[in-house]
1. Which one of these does Glu37 not meet: (1) in contact (Cβ under 8 Å) with a residue 60 or more places away in the chain; (2) open to solvent by less than 50 Å² (accessible area, probe 1.4 Å); (3) not hydroxyl-bearing (Ser, Thr, Tyr)?
2. Looking at Leu91, Leu102, Leu84, Leu49, can you tell me which residue is out of contact with any Pro (no Cβ under 6 Å at 6 or more places or on another chain), assigned to a loop (DSSP other than H, G, I, E, B), modelled with pLDDT of 90 or more and surrounded by 11 or more Cβ atoms within 10 Å (Cβ to Cβ)?
3. So Glu19 ticks every box in (1) farther than 17 Å from Leu2 by Cα; (2) open to solvent by less than 40 Å² (accessible area, probe 1.4 Å); (3) not aromatic (Phe, Trp, Tyr) but one. Which box is left unticked?
4. Is there a residue in region 4-14 that is closer than 16 Å to His69 by Cα, crowded, with 16+ Cβ neighbours inside 10 Å and under 14 Å from the mean Cα position of the chain (by Cα)?
5. State whether the residues of region 21-34 include one that is within 14 Å of the chain's Cα centre (by Cα), in a strand (DSSP E or B) and either within 15 Å of Met89 (Cα to Cα) or at pLDDT below 95 (or both).
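The values are calculated or read from the model by the stated rules, or taken from the named source; none is laboratory data. Quick caveat, the model's predicted, so the values are computed rather than measured. Cβ coordinates were reconstructed from backbone atoms using ideal geometry, including for glycine residues, and neighbour counts include every protein chain displayed. Each accessible area value is taken on the protein alone, full model and side chains, heavy atoms only, with ligands, DNA and RNA left out. Shrake-Rupley method; radii C 1.70, N 1.55, O 1.52, S 1.80 Å.
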Amino acid sequence: MLLQTNSYVVPNDKREEHERLIRRIRQAMLRLGCDIEVYEQVSGNWGPLKGGAGRFIQIMRFRDRQHHHEIQEVEKNDSGIQQLITEFMDLIDLPEQQGQGLFAMGHYSRITAAPVYDMEQAPMPAVAEQPVGQPPQAQPGDVGLIRDLEPEHDEAGGNSKPAEHEESEF
């Protein structure tokens, strides 16, 4: 498998247009056999980034280099796809983002198959307790460990956060 990533910024006033355009691009690419996923980067506590614009990453999946080449050839020769690409480049102002170093492209290929990790059978790694209100500190052996900074449930299984839109029965 071969992945191509595109990372770019979308101004807040163009977010809805970006979402609609990405849906159209994804449909066109799926017809060609290429899957695209788009994610928005968030801050360390899963909130929006500061600064007024969102950073997005597109992940495009190809079977191999030949498939990538075939998709590129279709993109060059299909006027509908060319129009979508042009709309996308205009929407994010690609030349300006490239000039400012905001646009990044990467290519990745699998070198080995990852081992299957059975969540029900594998023991959970020990996590050191952190003082309330303090960000978690790295502990020995924490490489790659993701911790929930704001748990949604208390230890008894109840909701530890007040519901934002909870209606009273009375």
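1. (1)
2. Selected residue: Leu102, the only one of Leu91, Leu102, Leu84, Leu49 that is out of contact with any Pro (no Cβ under 6 Å at 6 or more places or on another chain), assigned to a loop (DSSP other than H, G, I, E, B), modelled with pLDDT of 90 or more and surrounded by 11 or more Cβ atoms within 10 Å (Cβ to Cβ).
3. Condition not satisfied by Glu19: (2).
4. yes
5. no
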